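Novice: Next up is a structure, given as structure tokens.
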Amino acid sequence: MNIMSTLQIPTTKLDLFIRSVEISSYIPGRVRLYTKQLVNNPALEVEVQAQLGAFSEITSVETSTVTGSILIKYEPETLRKNAELRKVEEYIMTHAKRR
């Protein structure tokens, strides 16, 4: 077992991102995140859309610079074929406020 995984230290840009936002809710195929950094920040909105939208396994990404919300939709079976995204989903499952 990898010590970085054991200690749950972020090892990728995506891993670091997911640990920097509030995970508001999770159900397989749908995740809602919040971050104050997104409020009134259209430049960050563009970056979030581009970075998350680059994953073909993610069906859609909806963002709001008014609320700081990020809604991610995906097909669970498809997403879980990507090891990096599967790891992120597992983190989300255990850290979501509502399930």
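Novice: Grab the other residues whose beta carbon is less than 12 angstrom from that of E77, score K and R as +1, D and E as -1, and report the net.
Specialist: Details: positive: R80, K81, R86; negative: E57, E75, E89.
Residues close to E77 contribute a combined charge of 0.
Novice: Right, next: Of all the C-alpha pairs in region 18-99, what % are more than 18 Å from each other?
Specialist: Values: 1227 of 3321 pairs.
Cα-Cα pairs of region 18-99 separated by over 18 Å account for 37 percent.
Novice: Right, next: Grab the DSSP H runs of the chain that are 4 residues or longer, score each as -39,500 (n - 2.57), total them, divide by all residues and round the 222 nm result to the nearest 500 deg cm²/dmol. Intermediate results must be reported in sequence, preceding the final value.
Specialist: On the way: 5 runs with 41 residues, N = 99.
The helix-only estimate for the chain comes to -11000 deg cm²/dmol at 222 nm.
Novice: What is the spin-label model distance, in nm, from T78 to A43 if the labels are put 7 Å beyond Cα along the C-beta direction?
Specialist: Distance between the two pseudo-spin positions: 3.3 nm.
Novice: With a Förster radius of 41 Å, plug the Cβ-Cβ distance of E90 and V66 into 1/(1 + (r/R0)^6) and report the FRET value to the nearest 0.05. Could you put the intermediate results ahead of the total?
Specialist: Working: r = 30 Å, r/R0 = 0.74.
For R0 = 41 Å, the calculated efficiency reads 0.85.
Novice: Here is a further query. Nearest 10 degrees is fine. How inclined is helix 42-53 to the longest principal axis of the chain, computing both from alpha carbons?
Specialist: 40
Novice: Two-decimal Rg/Rh of region 52-99 from alpha-carbon positions, Kirkwood Rh? Walk me through the numbers on the way to the answer.
Specialist: On the way: Rg = 11.5 Å, Rh = 11.7 Å.
Rg/Rh for region 52-99 comes to 0.99.
A short reminder: the numbers here are calculations on the coordinates, not readings from a lab. Small disclaimer: the values here were computed from a predicted structure and weren't measured. Note that we place each Cβ from the backbone using ideal geometry, even for glycine, and neighbour counts take in every protein chain shown.
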